[in-house]
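*Asks:* Sharing a structure, written as structure tokens. Questions coming.
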Amino acid sequence: MEWEVRIIEWMQANFSSLGGLVKLLAFLGAETGLLMLVLIVMFCWNKKAGQKLALVVSSLNIWLPMIKSVVLRPRPYMEYPGRVKAEALVEKGAAASDVAAQGYSFPSMHSASIPALYFTLANEAKKKWLWILAAVLTLLVGLSRAAAGMHYPTDILAGWILGFAVIGIFTQLDRHVHKEWQYHLILIVTGLPGLFYVRTNDYFTSLGCLIGTVAAIHFEQKYVNYQDTKRLPAMVLRMVGALVIYFAVNTLLKLPFDKEFLAGASLGALLIRTARYAIIMFLIVGVYPKVFTLFERRGK
């Protein structure tokens, strides 16, 4: 709608000096930013809360691309290239016009992910300052997506609504589904229909993250069972090791395949993407914590 384009133009004209802040807020709601927060909570504060956040974020980022691929609304900069600039692409290495890499516009996944993640965290921690932070970040990230030219205002509004809807879904699951394997099976099964019609990276990335996280939770409970830590050196070592594994394994798993093939939108390439992220999450969340006892000794 024309009024939405005018709002984006006004924001880009008047807040161009805040380009760095826009990109920072985009990072917070993107893959790496969300993963870092989940791992910080999981490894440095509370394991169960971190696992809950991983399930919430992965599920939301599966369900929303399924909606996007039904609505098929292009991003503002795609529809109005002469009027709207793309300030924070989803995948910087891909072309701005590549829908498979950059995704569709409606609804805004950043605007949904931030409230779903931070309000869930605030509820787990029971800290007033986290509730305030969650509210502020929800507002700022949503507005920044319009200023970045990535979403229309109605995309952002829908993202906020769906973010809180996902919190409601998990609240009902927590209340009514008491067997963990059933809980996890529901999350995976509700995301599988997207395999038949979604052809964007975000869906297949998140499907892999969810599958890997679910497998890791069960593996960790049976074979690892690490404990939460209050030692700062151990926290730092846990996070550094997790990030090294993330970037190293992600790079290694790409080596057997042609770059052009992986960058494509074929089902084969996308399924390899799912498998890659499933392996990464399984290693980080399930297997890697086996070495945490060494970090604890180092901390002492």
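The values are calculated or read from the model by the stated rules, or taken from the named source; none is laboratory data. Here the structure is a predicted model, which is why all the values come from computation and not from measurement. Note: ideal-geometry Cβ built from the backbone for every residue, glycine included; neighbour counts use all protein chains shown. Surface accessibility is based on the protein's heavy atoms, side chains included, excluding ligands, DNA and RNA. Shrake-Rupley method; radii C 1.70, N 1.55, O 1.52, S 1.80 Å.
*Asks:* Can you spot a residue in the stretch 125-133 that is assigned to a loop (DSSP other than H, G, I, E, B) and either in contact with a strand residue (DSSP E or B) (Cβ under 8 Å, 6 or more places away or on another chain) or buried (at least 17 other Cβ atoms within 10 Å of the Cβ) (or both)?
*Replies:* Checking the stretch 125-133: not a single residue is assigned to a loop (DSSP other than H, G, I, E, B) and either in contact with a strand residue (DSSP E or B) (Cβ under 8 Å, 6 or more places away or on another chain) or buried (at least 17 other Cβ atoms within 10 Å of the Cβ) (or both).
*Asks:* Separate question: With of a type in the set (V, I, T), loosely packed, with under 12 Cβ neighbours inside 10 Å and in a helix (DSSP H, G or I) as the only criterion, which of V189, V214 stands out?
*Replies:* Step by step, each of V189, V214 is checked, and only V189 is of a type in the set (V, I, T), loosely packed, with under 12 Cβ neighbours inside 10 Å and in a helix (DSSP H, G or I).
*Asks:* Looking for whichever is over 19 Å from the mean Cα position of the chain (by Cα), surrounded by fewer than 16 Cβ atoms within 10 Å (Cβ to Cβ) and assigned to a loop (DSSP other than H, G, I, E, B) here; the options are A248, A265. Which one fits?
*Replies:* Values: A248 fails: assigned to a loop (DSSP other than H, G, I, E, B).
Only one candidate qualifies: A265.
*Asks:* Same structure again: For the stretch 251-262, how many residues are surrounded by 14 or more Cβ atoms within 10 Å (Cβ to Cβ) and of a type in the set (D, E, K, R)?
*Replies:* Of the residues in the stretch 251-262, 1 are surrounded by 14 or more Cβ atoms within 10 Å (Cβ to Cβ) and of a type in the set (D, E, K, R).
*Asks:* Considering each residue of the stretch 83-116, count those that are open to solvent by 10 Å² or more (accessible area, probe 1.4 Å) and not aliphatic (A, V, I, L, M), and give that number.
*Replies:* Summing the residues that are open to solvent by 10 Å² or more (accessible area, probe 1.4 Å) and not aliphatic (A, V, I, L, M) in the stretch 83-116 gives 11.
*Asks:* Also: Examine the stretch 155-174 for a residue that is surrounded by fewer than 17 Cβ atoms within 10 Å (Cβ to Cβ) and not in a helix (DSSP H, G or I), and state whether such a residue exists.
*Replies:* No, every residue in the stretch 155-174 fails to be surrounded by fewer than 17 Cβ atoms within 10 Å (Cβ to Cβ) and not in a helix (DSSP H, G or I).
*Asks:* Out of the residues in the stretch 270-286 that are in contact (Cβ under 8 Å) with a residue 60 or more places away in the chain, aliphatic (A, V, I, L, M) and more than 11 Å from T213 (Cα to Cα), state the one that is most open to solvent (accessible area, probe 1.4 Å).
*Replies:* Only one residue fits best here, namely L271.
*Asks:* Something else: Scan the stretch 222-241 and tell me whether some residue there is open to solvent by less than 80 Å² (accessible area, probe 1.4 Å), in contact with a Pro (Cβ under 6 Å, 6 or more places away or on another chain) and of a type in the set (F, W, Y).
*Replies:* Within the stretch 222-241, one or more residues are open to solvent by less than 80 Å² (accessible area, probe 1.4 Å), in contact with a Pro (Cβ under 6 Å, 6 or more places away or on another chain) and of a type in the set (F, W, Y).
*Asks:* Scan the stretch 52-67 and give yes if some residue there is charged (D, E, K, R), open to solvent by 20 Å² or more (accessible area, probe 1.4 Å) and in contact (Cβ under 8 Å) with a residue 40 or more places away in the chain, otherwise no.
*Replies:* Yes: one or more hits.
*Asks:* Something else now. Do you know which of the residues in the stretch 83-124 that are polar (S, T, N, Q) and either in a helix (DSSP H, G or I) or touching a Gly at 6+ places or on another chain (Cβ under 6 Å) (or both) is nearest to Y203 (Cα to Cα)?
*Replies:* This residue is Q102.
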